[in-house]
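These notes are about the structure you will find just below.
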Amino acid sequence: MLVEVGRALKAVSLEAVLIGNAGAALQGAPVTTVDFDFLFRRTPRNLQKLKQFATRLGATVLRPYYPVSDMFRVVRDDGLQVDFMGTVHGIRSFEGVRSRATIVELEGAAIAVASLGDIIRSKRAAGRPRDLAVVEVLEKTDARSKQTRPAPEPAPAARRPAARKRPRTR
């Protein structure tokens, strides 16, 4: 289903970053989820794209019952549930999350996936028992991934220009 979601996002040019347990699972965390959570910029144009996204998937866009929510839920009869949030606890900006995200290719569908650090921050800030229950697992996965990443190559040493000898003046 995530491949289908990624293709639909691309087709309507809706820029979004996968967060939550689905994003963590794509990075090797042993967690599960029943939905896909995305952070996006809540603009009038993106809300139009969100409607096109839902139409493309044969789904419906629902607003949650609580009016202060900044979340839009896209649902389909087969159980597909995709949540789009304009704000996420612990996350300052969409641009920051996007800049730290990794692009994951799934059968030709490119999905921007939030860093584990951003996912952990959002779960801590949300403070819900179900979020706090997975923080330790996510932190261990993040630590393991940092240990197994190849060390960055050192930058080449800066070369100083050779000193030029000045002719002596008498």
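The values are calculated or read from the model by the stated rules, or taken from the named source; none is laboratory data. Fair warning: this is a prediction, and the values are worked out from it, not measured in the lab. We place every Cβ from the backbone using ideal geometry, glycine too, and count neighbours over all the protein chains shown. Protein only, heavy atoms only, side chains kept; ligands, DNA and RNA dropped before computing areas. Shrake-Rupley method; radii C 1.70, N 1.55, O 1.52, S 1.80 Å.
Work out the length of the dipole vector of the range 1-113 about its Cα centre, built from +1 on the beta-carbon of each Lys and Arg and -1 on the beta-carbon of each Asp and Glu, and round it to the nearest 20 debye.
My answer is approximately 480 debye.
On a straight-distance basis, which lysines could pair with residue 123 in a cross-link, Cα separation under 29 angstrom, same-chain partners fewer than 8 positions away excluded?
Counting by Cα, and skipping residues close in sequence, residue 123 has these lysines nearby: 10, 49, 51, 140, 146.
Could you give each residue of the range 134-144 its phi-based ³J(HN,Hα) in whole Hz, using Karplus coefficients 6.51, -1.76, 1.60 with θ = phi - 60°, and x for Gly or Pro?
9, 4, 4, 4, 5, 5, 5, 4, 4, 4, 4
Given H placed on each backbone N at 1.01 Å, which residues far from residue 62 in sequence or on other chains put an amide H within less than 5 Å of it?
Here 73, 74, 75 satisfy the definition.
Which length gain, in nm to one decimal place, applies between residue 148 and residue 33 when the Cα-Cα distance is subtracted from 0.36 nm times their residue separation? Could you put the intermediate results ahead of the total?
Numbers: separation 115, 0.36 × 115 = 41.40 nm, distance 2.55 nm.
Difference between extended and current length: 38.8 nm.
Could you derive backbone 3J(HN,Hα) for the range 38-45 from the dihedral phi with the Karplus parameters 6.51, -1.76 and 1.60 (θ = phi - 60°), listing whole Hz in sequence and x where the residue is Gly or Pro?
10, 9, 9, 7, 8, 10, x, 5
Solvent-accessible area per residue for the range 1-142 at a 1.4 Å probe radius, Å²?
Accessible area per residue, the range 1-142: 53 Å².
Under a point spin-label approximation (7 Å from Cα along Cα-to-Cβ), what is the residue 1-residue 140 distance to one decimal in nm?
It works out to 2.7 nm between the two label points.
Go through the range 17-31 residue by residue and turn each phi into a ³J(HN,Hα) via Karplus (6.51, -1.76, 1.60, θ = phi - 60°); whole Hz please, and just put x for glycine and proline.
Rounded to whole hertz, the list is 10, 6, 10, x, 5, 5, x, 5, 4, 5, 9, x, 6, x, 10.
Once label points are set 7 Å from the Cα along Cα→Cβ at both residue 95 and residue 26, what is their separation, rounded to one decimal in nm?
2.3
Amide H neighbours of residue 38 under 5 Å, at least 5 residues apart or on other chains, H built in the peptide plane: list them.
Amide H neighbours of residue 38, under 5 Å, 5+ apart: 19, 83, 84, 85.
What part of the accessible area of the range 19-91, given as a whole %, is carbon or sulfur when the probe is 1.4 angstrom?
That fraction is 54 percent.
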